[in-house]
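Take a look at the structure below.
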Amino acid sequence: MTEGQRLILVVEDDEDMLFGIRHNLEYEGYRTAAASTGPEALQKVAKLAPDLIVLDVMLPELNGFEVLHELRVTHSRLPVILLTSKSLESDKLQGFHLGADDYVTKPFSIQELLARVQAVLKRSAPEVGAEPQLQVGALLVDFERREVSRAGEPLALALKEYDLLQLFLRHRGQVVTREQLLHEVWGYDPDNVPATRTVDNHVAKLRQKIGPELIETVPKVGYRFCG
């Protein structure tokens, strides 16, 4: 899919900021839509089915965290980049815990935001050149459709859960450290990863869905996919 076919919903209540973000995204070839409140954002998602959301945290009526929580119930795989003036590590971790795909702190350069948009869209797209499907026991992964089923039953994986599974499959039988997961799936600097339970919480949810026997915990190190 080309950039010109990608629709990005920008949710921002500052009119100048909203205009600037949309203008630069459209200059890069993306289509854009806009919302200025939390409820309006949820309505636009249902109506337009965007490919990605740039979501400000400080919004009227429903804040960005509340909007993200609602989205992960109804649109678990929709990529979301949080945009906020908050820079506390706890705010970032809250966003990632809720299922954000990236986090940009104001003030930021538009080049940084564009790079993160491109990176998140690339991660959420099907892998080009990969095997179209992979069967691991009762688990079937369709890379072209980004769909996963177990014993013929579809599994509703959140975007981060699918990214985790994809990484585990690339390293089948190998130990994958928590630091590696935080770097490759969440985008943290590998030399400055935080102490967080985010990885463990997401792996626990993934295990429940695909089968606990497929992911082995390696104490004090990380995980190994055993399928």
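The values are calculated or read from the model by the stated rules, or taken from the named source; none is laboratory data. What you are looking at is a predicted structure, and each value in this text was computed from that prediction instead of being measured. Using ideal geometry, Cβ is built from the backbone for each residue, glycine included, and neighbour counts are taken over all protein chains shown.
Quick one: is Glu161 surrounded by 19 or more Cβ atoms within 10 Å (Cβ to Cβ) and assigned to a helix (DSSP H, G or I)? Judged against the criteria, Glu161 is a match.
The single condition among (1) touching a helix residue (DSSP H, G or I) at 6+ places or on another chain (Cβ under 7 Å); (2) surrounded by 16 or more Cβ atoms within 10 Å (Cβ to Cβ); (3) part of a loop (DSSP other than H, G, I, E, B) that Asp13 does not meet is (1). Can Glu61 be described as outside the structural domain of Trp186 (by TED's automatic domain parsing) and of a type in the set (D, E, K, R)? Yes; evaluated as a whole, the condition is true for this residue.
All conditions in (1) in contact (Cβ under 8 Å) with a residue 40 or more places away in the chain; (2) under 19 Å from Arg116 (Cβ atoms) hold for Phe225, with the sole exception of (2). Only one of the listed residues (Ala119, Ala125) is modelled with pLDDT under 90, out of contact with any Gly (no Cβ under 9 Å at 6 or more places or on another chain), over 24 Å from Pro39 (Cβ atoms) and surrounded by fewer than 18 Cβ atoms within 10 Å (Cβ to Cβ). That residue is Ala125. Each residue in the stretch 74-96 was checked for being more than 17 Å from Tyr162 (Cβ to Cβ) and touching a Ser or Thr at 6+ places or on another chain (Cβ under 6 Å), and 2 pass. Listed by first and then second residue, the pairs with beta-carbon distance under 9 Å, at least 6 apart or on different chains, first residue in the stretch 28-53 and surrounded by fewer than 15 Cβ atoms within 10 Å (Cβ to Cβ), second polar (S, T, N, Q) and part of a loop (DSSP other than H, G, I, E, B), are Gly29/Thr2.
Residue-wise test of (1) at pLDDT 90 or above; (2) over 13 Å from Asp101 (Cα atoms).
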| residue | (1), (2) |
| --- | --- |
| Leu159 | no, no |
| Leu164 | yes, no |
| Arg172 | no, yes |
| Arg178 | no, yes |
| Val185 | no, no |
| Asp191 | no, yes |
| Thr198 | no, no |
| Asn201 | yes, yes |
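Under the condition of being farther than 30 Å from Glu147 by Cα and free of Cβ contacts under 8 Å to residues at least 60 places away in the same chain, the residues counted in the stretch 69-105 number 8. The residues of the stretch 169-227 that are part of a loop (DSSP other than H, G, I, E, B) and among the hydroxyl-bearing types (Ser, Thr, Tyr), listed by number, are Tyr188, Thr196.
Figure legend. Inter-residue proximity from the stretch 162-182: first residues farther than 8 Å from Arg224 by Cα, second residues assigned to a loop (DSSP other than H, G, I, E, B), beta-carbon distance below 6 Å, spacing 6+ or different chains. Indicated pairs: Asp163/Val185; Leu164/Val185; Thr177/Val221; Glu179/Val193; Leu182/Tyr188; Leu182/Val193. Whether any residue in the stretch 2-13 is β-branched (Val, Ile, Thr), out of contact with any Phe, Trp or Tyr (no Cβ under 7 Å at 6 or more places or on another chain), at pLDDT 95 or above and not assigned by TED's automatic domain parsing to the domain that holds Leu159 is what I want to check. Yes: one or more hits.
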